[in-house]
1. Once phi is turned into θ = phi - 60°, what whole-Hz ³J(HN,Hα) does the Karplus curve with 6.51, -1.76 and 1.60 give for every residue of the stretch 38-48, x standing for Gly and Pro?
2. In sequence order, what are the phi-derived ³J(HN,Hα) couplings for the stretch 268-281 according to the Karplus relation 6.51 cos²θ - 1.76 cosθ + 1.60 with θ = phi - 60°, rounded to whole Hz, with x for glycine and proline?
3. Which percent, to the nearest 5, of DSSP beta bridges fully inside the chain are antiparallel?
4. Normalised by the residues of the chain, what does the relative contact order come to in percent, with Cα pairs under 8 Å and at least six apart?
5. Which order results if Asp104, Asp14 are arranged by neighbouring Cβ count within 10 Å, fewest first?
6. Rounded to the nearest 500, what is the chain's calculated 222 nm mean residue ellipticity when only DSSP H runs of at least 4 contribute -39500 (n - 2.57) each, over all residues?
7. Return the long-range amide H neighbours of Leu217 (sequence gap of 5 or more, or a different chain), with a cut-off of under 5 Å between placed amide H atoms.
8. At 7 Å along the Cα-to-beta-carbon direction for both Asp329 and Lys123, put a label point, then send me their distance in nm to one decimal.
Amino acid sequence: MDRNFQILTDSTCDLPESWLAERPYITVLDVPVIVTKGDERHELNNLRPTDFYQVEKYVERGFRATTSQPLMYMPDMECLNIPEEGRIISTEETVRRNVAKGKDVIYIVMNSSLSSAYSYATKLFAMLQAELKASGRTILCVDSQCMSTGLAMLMMDVAKGVEDGTLQDVQQIAEFVEKTRGHIAHFFTWEELSYIRKSGRVKSSEAFFGSILGFRLVCSAQYRGEERDLLHVTPSHTATIKVRGIGRWADVIGMHMKRHMTDTSGPVIIAYGNNKESARKIHNRLLGFLPSAHYLMGEEWRCGAGIQAHGGPTSIHINYHTDVCGKYDETVKEIEDIVRSFRW
């Protein structure tokens, strides 16, 4: 079905390629992985989850991995010197092409607390809306406040609304995203903590003791005011309630899911980098709490190379629909109560 709008998102959404192939009304913009060492810099484009070994080769040589925002403006292409057949299409060019086809455009952007992409996109879209006003098309962007497979879950919700006819234009889509985005739970952990330590999201001392003693960090996308950031919510003031081991970590998440999952037969994403066995163990533990949930996992549900650049290849992500918009102080207290409730 040909629609009069095009939805843009970026490659941090970590959606399965097979799912995207069935939805041509969604365009994914590439988020490149950047590796730097001193004055040396390399940009790696269009990496799949299984391509992260290319980044690891640089990291082993002392490079630091991070990500850039999607290419925004058409003039930026001139400095990349990429042949036409392998050319990356900028956000601006993508918008212009769709407007020329008589389509509205909405860009559902990765979490603005974790990336500058939303700030840049807002300026670009305001410029294009003013310039292309005579076309009569609507051009807008919205902050998803989600990342990785949490953004994937949000995009799946949007697609469901588009396909069942409840979301019929870009304004309705934007309103739906703003209403729904806070009700997608994000929980994260890592077996090896060097990547997330370098990103600044975890203290060096926490990474050291976590790696040596096997403590599992419980991190989550949480609200402080209006912003939703990636925060460490593991109780840390007493060693007696540390979460040690992947099984115990899964039990904590399972209990939180049992308390707050809006539909106990709904989807649960278990995504991983290269640690399939850990994902399988988590799945087995979560079944004990929510046996009827619809678990999405396996080779199609991998943490993308852009996400692994920040968390490393041992990243684990859990996402589901929740009845609460997580507020940091409240979530820390609840996680502490959950950990204390287990007799470990």
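Read-outs throughout are calculated quantities, based only on the coordinates presented, and are distinct from any laboratory measurement. Note that the coordinates shown come from a computational prediction; the quantities given were computed from them, not determined experimentally. Glycine gets a Cβ as well: all are built from the backbone with ideal geometry, and neighbour counts include every protein chain shown.
1. x, 8, 8, 9, 10, 10, 10, 10, 6, 7, 8
2. For the stretch 268-281, the Karplus-derived couplings read 10, 8, 10, 10, 9, x, 10, 9, 4, 5, 5, 4, 5, 4 Hz, x marking Gly and Pro.
3. Once the DSSP bridges in the chain are tallied, antiparallel ones form about 65 percent.
4. Result for the chain is 20 percent.
5. Going from sparsest to densest Cβ surroundings: Asp104, Asp14.
6. Helix-only estimate at 222 nm: -11500 deg cm²/dmol.
7. Correct list: Trp190.
8. Output for this residue pair reads 3.5 nm.
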